[in-house]
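Asks: Please find one structure pasted underneath; my questions will follow.
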Amino acid sequence: MTGTLETIIRGLGNGSVYALLALGFVIIYKATRVISFAQPALMLAGAVAVSYLAPVTGFYLGALLAALLIAAVALGIERVAIRPMVGRPVFVVAIITLGIDVVVRVVVNSLIGRDVRQVGDPWGFDLVALGPLVVQQRWLAMMAAAAALVTLLFAFFRHSKYGLAMRAAAYDQETALAQGVSVSAVFAVSWALAGFLAAVAGMFVGTGQGIEQTTWIVALKALPAIIVGGLDSLGGAVAGGLVIGVVESLFQSYQGAYLPWLGQNFAIVSPYVVMLVVLLVRPYGLFGTREVERV
Amino acid sequence: MSGTRAGGPSAAPAIPTGRSRRVRGRPLLHTSYAQDMALLDTRAKRVSAAALVLLALALSAVLTDPALEVLAAAYVLAIGAIGLNIVTGYAGQVSLGHAFFVAIGAYTAAALSGPPGGDTLGYGITEIWVWLPAAGLAAAAAGVLVAPLATRLRGLYLAIVTLGLVFLGEHVFKEWQELTGGVGVGREAAVPTLLGVRLDQDGAFGTREQQLYLLMLVLLVVFAVAARNLARSRVGRAFAAIRDRDIAAAVIGVPLTRYKVLAFGVSSFYAGCAGALLFTLSGYVEPGSFNLLLSVQFIAMVLIGGVATVSGAIAGALFLSLLQPLTRALPALVPVISGDTTQTPNVFQVETVLYGLLIVLFLIFEPRGLFGLWIRVRNYWKSWPFSY
């Protein structure tokens, strides 16, 4: 029983990282109707930035600076490559982000080099006892950070002027424009927020095991999360991320014993199986809005 | 085309048919539907297409063997790109899962032609006219199985699901060691034998590379003509209607589900054939090669070449395939770029960056791709010297 609970806590820890990434995807999607395939590169860039800044400034300040830096990078990408494409089919813009991902990742990979880079986090693989449970500190740190960021974000969207503008633009761009909302500023802020979240997520992905060139694959697990939650639902992104994290963790612990025929490392692809199952039942995800077409 | 007019009473003889009414010197003046729908509707197109095919044939005698091998691979990739263009370009269903179907084709062919009783599955049927259609059909079957998801989903949901397919496929192929040999080990690819003649060994028709080059060229022409024919038929028009506005298409009586399934099936057939052929060149398949990058490469070929054009898909495949040998030549010209992978910047990084940049730049500045560039050049010279 304690084993299962520990597995679930690990899943919730990883799941909160997926939730942060998924939130980035959903924020961009809600503003621009585009899925940004550049998120994996931004995540990796964030982790690399932390790994270079942490020895100089200390971990926490380094993480904050790195997240701000990546937010600025995302802002630049939006201005240079995405803004000229306003009004073009979303598929085309999505493929542009794919191209950007490839380019950014080459640059970041050359900064990583061949070996694993440590991000210099204070947690490592250290354990902590929670009553009868023994779990790694980093899972708890991930959960705490994600909870704090999600609360802040939701408060921002709910109560601030800019959050209201973003919700208005997501709901109906033309009407929002007519009410004086600067939709281009909304696009920019969305990308910056997504870059910030991706960088924080990247830093957490790098805790303990460090980062290497193949780490970007982790960010793609946020895609099943947003599909499970529904592409246009912020709450769904968080729920989807947690579900994906827990399912993956359960498969990691128990699939070898109970379902060995699925092969080694099935846990890595289990998010995609969850995604397919959910889509067969609910094509718009658990919390997504059903698309209504008028003829 | 004839079917649309056969039934009605208005199928009057007043509508001229055939090519007899072509007006000399006015290639764009069409006097019949048949002319309008023709595969190559102007004399210039017929001549240039024939000239290009002849040139490609002649290249097999002129170029060196390594160059021929690069071109042969480009032709195979072009077949795959044409396939992706059918589903993504013509029918508008975004698929990031092309690598999955390529893998199914590659392994079907490899298993059919592999030696029986070896480490990996094999049935010893090396005749190409058996394993090539079989590979295509196996991939098409997989495409049809996936299609029900596609009919329920639209746009980027579909893109993400097909992306998931690539990851699942990669996992299955890595684990299924009887079929694939496993990660890092791999297995021998399909053996191309045509009526008892092994084309992957030096033989009567020239060296190994010359024979394979000619094989790929012939197959590319066959697949390209088939795709052009599909695109100008009733099916092709249905695809275009679905791409442009699926609800409007449904309203005018295009059965969405049937045509989406068909688009996935045909596209996967092309992918399967491309997969079967691609690895005959190196003679070796490794399950790690069917990753997201391969899908992205196919997308890049279609986008850089020109969406919803067969010639564009071929141009894109040639362009991206030739990019690799060109960047390999860079260290000699630009000393800053190193040929060594441990240095920065090296050719592999330059190549990957070029990939990404080309996709971005083409989409921003010339969304019609290489095909669009060609159209611009053509239009400039059409009205020369008054082109302004």
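Just so you know, all these numbers are worked out from the coordinates, no wet-lab data involved. Please read all numbers here as calculations on a predicted model, not as lab measurements. Every residue, glycine as well, gets a Cβ built from its backbone with ideal geometry; the counts of neighbours run over all protein chains shown.
Asks: Can you pull the three principal axis extents for the Cα set of the stretch A:76-201, in Å, largest first?
Replies: Rounded to whole Å, the extents work out to 57, 40, 21 Å.
Asks: Can you name the helices of chain A, as whole DSSP H runs, whose Cα span along the helix axis is 30 Å or more and whose Kyte-Doolittle mean is not below 1.0?
Replies: Qualifying helices, which must be both long enough and hydrophobic enough, are A:90-112, A:137-159, A:183-205.
Asks: How large is the charge dipole for chain B, taken about the Cα centre, if only the Cβ atoms of Lys, Arg (+1) and Asp, Glu (-1) carry charge, to the nearest 20 debye?
Replies: 2440 debye
Asks: What do you get for the angle between helix B:156-175 and the principal long axis of chain B? Use alpha-carbon atoms, 0 to 90 degrees, nearest ten.
Replies: The angle comes out near 30 degrees.
Asks: With the Cα gyration tensor of the protein assembly as shown giving a ≥ b ≥ c as the square roots of its eigenvalues, does the rule (a/c under 1.5 for rounded; else a/b larger than b/c for prolate; else oblate) give rounded, prolate or oblate? The partial results should precede the final answer.
Replies: Details: a/c = 1.74, a/b = 1.41, b/c = 1.23.
Prolate, since a/c reaches 1.5 and a/b exceeds b/c.
Asks: Rounded to the nearest 20 Debye, what is the dipole magnitude of chain A about its Cα centre when Lys and Arg each give +1 and Asp and Glu each give -1 at the C-beta?
Replies: Numbers: 17 positive and 13 negative charges, 92 e Å.
So the magnitude is around 440 debye.
Asks: Then there is this: For chain B, take N as its residue count and report Rg(C-alpha) divided by 2.2 N^0.38 Å. Can you show the working numbers first?
Replies: On the way: Rg = 22.3 Å, N = 388, 2.2 N^0.38 = 21.2 Å.
That ratio works out to 1.05.
Asks: Continuing with the same structure: Measuring from label point to label point, each 7 Å out along Cα→Cβ, what is the A:Val56 to A:Val116 span in nm?
Replies: 2.6 nm
Asks: Could you give the length gained on full extension between B:Glu178 and B:Ser233, defined as 0.36 nm per residue of separation minus the Cα-Cα distance, in nm?
Replies: On the way: separation 55, 0.36 × 55 = 19.80 nm, distance 4.21 nm.
This chain segment gains 15.6 nm when fully extended.
Asks: Further question: Sum -39500 (n - 2.57) across every DSSP H segment of at least 4 residues in chain B, then divide by the residue count to get the 222 nm mean residue ellipticity, nearest 500.
Replies: After summing the helix terms and dividing by the residues of chain B, the value is -21500 deg cm²/dmol.
Asks: Moving to a separate point now. Note down the magnitude of the dipole of the protein assembly as shown about its Cα centre, charges +1 on Lys and Arg C-beta and -1 on Asp and Glu C-beta and zero elsewhere, to the nearest 20 debye.
Replies: Charge dipole, the protein assembly as shown, about its Cα centre: 2960 debye, nearest 20.
Asks: Relative to the first principal axis of the alpha-carbon coordinates of chain B, what is the inclination of helix B:347-365, with its axis defined by its Cα atoms, in degrees from 0 to 90 and to the nearest 10?
Replies: For B:347-365 against chain B, the angle is about 20 degrees.
Asks: Please compute P(r) over all alpha-carbon pairs of the stretch B:72-292, binned at 5 Å starting from zero, and give each bin as a whole-number percent.
Replies: P(r) over the stretch B:72-292, rounded to whole percents: 1, 8, 15, 19, 18, 15, 11, 7, 4, 2, 1, 0.
Asks: Report, to the nearest 10°, how far helix B:98-113 tilts away from the longest principal axis of the Cα atoms in chain B, using its own Cα long axis and a range of 0 to 90°.
Replies: 60 degrees
Asks: Using Cβ contacts closer than 10 Å as the measure, can you line up A:Lys221, A:Lys161, B:Lys45 from fewest to most?
Replies: On the way: A:Lys221 26, A:Lys161 8, B:Lys45 14.
Placing the least packed residue first, the sequence is A:Lys161, B:Lys45, A:Lys221.
Asks: What ranking of B:Phe100, B:Phe290, A:Phe156 emerges when the number of other C-beta atoms within 10 Å of each C-beta is taken as an exposure proxy, fewest first?
Replies: Listing B:Phe100, B:Phe290, A:Phe156 from fewest to most nearby Cβ atoms yields A:Phe156, B:Phe290, B:Phe100.
Asks: Using only helices, what value at 222 nm comes out for chain A when you add -39,500 (n - 2.57) per DSSP H run of length 4 or more and divide by the total residues, to the nearest 500 deg cm²/dmol?
Replies: Helices in chain A give a 222 nm mean residue ellipticity of -23500 deg cm²/dmol.
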